[in-house]
Amino acid sequence: MKKLTALVICACIAISAAFSKEDYDMAMADYNQAIRLKPQDPDAYQLRGMAYFQKKDLDRTIADFEAALRLNPNNNEVKNILDMARQLKQMKK
């Protein structure tokens, strides 16, 4: 368990660095790894969804925020961003 926790922490550090450099592709690759390591972590889906949102990939944004909400239904931040992404998608139709 300690090894898994250390890997998750390392992944979070790498993700933060990639996100701060606006390297969203690298951040998404790191989030994918974090999700593989800990698939029940709603934060990983939320953060990957934010990277997709920055790339204007609304379908994947919505999918990740829905996954985050299934894992943590009381997260109002996720609910708000999910609503916004759905509205933006509707406006593009």
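The values are calculated or read from the model by the stated rules, or taken from the named source; none is laboratory data. Not measured: the values here are computed from a predicted model. No Cβ is skipped: glycine too gets one built from the backbone with ideal geometry, and neighbour counts run over all protein chains shown.
Within the stretch 40-61, count every residue that is closer than 14 Å to MET84 by Cα and either over 10 Å from the mean Cα position of the chain (by Cα) or not in a helix (DSSP H, G or I) (or both). Final tally of qualifying residues: 5. Does ALA63 satisfy being surrounded by fewer than 20 Cβ atoms within 10 Å (Cβ to Cβ) and either among the small types (Gly, Ala, Ser) or in contact with a Pro (Cβ under 9 Å, 6 or more places away or on another chain) (or both)? Judged against the criteria, ALA63 is a match.
All conditions but one from (1) part of a loop (DSSP other than H, G, I, E, B); (2) over 17 Å from GLN90 (Cα atoms) apply to ARG70; the one that does not is (1). For the stretch 13-65, a residue qualifies if it is modelled with pLDDT under 85 and basic (Lys, Arg), and exactly one does: LYS21. Here LYS38 fulfils each of the conditions (1) surrounded by 14 or more Cβ atoms within 10 Å (Cβ to Cβ); (2) closer than 19 Å to GLU22 by Cα; (3) of a type outside the set (A, V, I, L, M, F, W, C) apart from (2). Against the list (1) surrounded by fewer than 16 Cβ atoms within 10 Å (Cβ to Cβ); (2) modelled with pLDDT of 90 or more, the condition ALA68 fails is (1).
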